[in-house]
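We did not get these values from a lab; they are worked out from the coordinates using the rules stated. What you are looking at is a predicted structure, and each value in this text was computed from that prediction instead of being measured. So basically every Cβ, Gly included, is an ideal-geometry build from the backbone, and we count neighbours across all protein chains shown.
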Amino acid sequence: MSTKDELLKLFESNKGKFLSGGEIAEKLQISRTAIWKAVESLRAEGYSIEAVKSQGYSLSPDTDIVSSQGVKKYLKKDLDITVMEEVASTNTVVKELAMAGEREGKTVIANSQTGGKGRMGRKFFSPRNSGVYISVLLRPDAMLPERALKITTMAAVAASRAIEEVTGKEALIKWVNDIFVEDRKVVGILTEASMSMESGHLEFAVLGIGFNVYEPEGGFPEELKTIAGALLSEKMPDAKNRIAAAFLNHFFEIYDDVEHLHYEEYYKEKSLVLGKDVDVLAASGTRRAKVLDITEDCNLVVCYDDGSKTVLSSGEVRIRPILKK
């Protein structure tokens with residue numbers, strides 16, 4: 001770990017407190033000059049670090065920059081986390097690590113993505129400084145490809161719980177992979193998997209999730225203005241680190257003990273589509289339907305306008321607006 005990383009770890013665990021130069025030098029076994037250089041480097045990255053003569057240095061408690069050190073101080077599980085300023089796609093980065101033999105739990109978090117991935121080949125808007133974009137490597141034991149949907153629904157439950165824990169706002173799940181707060185989409189989830197041709201099971205899965213923490217500078221693009229929203233309207237100290245850690249805590253709590261936690265009940269309870277009239281979007285076209293139920297596997301039971309019923313294990317639905325009389 002570099003001097004800068006060691007210093008940031010120390011600051012994060014003492015946020016708002018002044019640490020003298022001598023105290024820092026003794027703890028990290030570095031010189032005063034090395035401390036000054038590391039502080040200047042952190043300031044250049046946007047960290048607000050106050051320096052007061054005879055008191056030392058202090059990282060402002062109002063700082064809200066995602067970092068591995070900042071996330072780890074809230075984590076319940078020991079995870080290998082890498083934070084990057086900008087990537088094309090965190091999912092792509094983690095897939096490359098997976099193919100190189102990286103272990104389960106490796107997590108990559110980015111401050112921005114230039115080619116963020118959404119479902120159905122769409123792009124996921126990932127501007128700098130407004131969100132948190134996370135990908136996690138999973139190597140589930142003997143999981144069949146069709147069960148990969150469970151990873152997405154686990155993540156949806158974890159995201160909903162994390163949002164409510166950190167912001168206090170109700171977070172609802174739009175089947176299968178979107179989270180809405182105050183009628184706006186604030187989270188998107190994309191799970192990508194690699195199958196072993198020999199066993200027919202998943203070799204690995206990459207769970208990608210993006211949180212819109214704040215509205216981007218200049219607002220959302222025109223095509224997203226009526227859909228997308230942000231979790232917070234004002235800056236909250238350490239919000240990004242807390243949201244990332246809360247999500248990872250809740251996700252691995254479910255993932256590590258999925259057979260006993262019955263998370264599906266929460267998924268159903270938080271459903272945004274249950275009982276609603278929807279359009280079912282498929283390659284063959286759009287069909288009108290009503291959502292009747294959500295199964296134990298988090299599949300969607302729908303009844304089409306012609307009276308036929310079916311169970312959807314994948315796909316996409318769009319809630320139809322209520323027509324005013």
query: Distance in nm between label sites at ARG318 and GLN29, each 7 Å beyond Cα in the beta-carbon direction?
result: 6.1 nm
task: Quick one: grab the alpha carbon gyration tensor of segment 277-319, order the square roots of its eigenvalues as a ≥ b ≥ c, and give me rounded if a/c is under 1.5, else prolate or oblate depending on whether a/b is larger than b/c.
output: oblate
Stretch gain in nm, segment GLU198-GLU222, where the contour uses 0.36 nm per residue and the Cα spacing is subtracted: 4.0 nm
message: For a quick check: sort LEU42, LEU97 by the number of other beta carbons within 10 angstrom, fewest at the front.
response: LEU97, LEU42
- line: Of all DSSP beta bridges having both residues in segment 68-269, the percent classed as antiparallel (nearest 5) is 80 percent
message: Let's test the formula: R0 of 22 Å, r as the Cβ-Cβ distance of GLU296 and GLU164. What FRET efficiency results, to the nearest 0.05?
response: 0.40
query: At LYS235 and SER48, where each label point lies 7 Å from the Cα along Cα→Cβ, what is the point-to-point distance in nanometres?
result: 0.4 nm
- prompt: How much length is gained on full extension from SER308 to ALA88, taking 0.36 nm per residue of separation minus their Cα-Cα distance?
  reply: 74.9 nm
- line: Expressed in nanometres to one decimal, the distance between label points 7 Å along Cα→Cβ at THR286 and LYS73 is 4.8 nm
- line: Heads up, segment 23-147 by the C-alpha gyration tensor (a ≥ b ≥ c square roots of eigenvalues; a/c under 1.5 rounded, else a/b over b/c prolate, else oblate) looks prolate
task: State the extension gain, in nm to one decimal, for the chain segment bounded by ARG122 and ASP62, taking 0.36 nm per residue of separation less the distance between their alpha-carbons.
output: 18.1 nm
- request: Go from 0 up to the bin containing the longest alpha carbon distance in segment 3-59, width 10 Å each, and give me the % of pairs per bin.
  value: 26, 66, 8
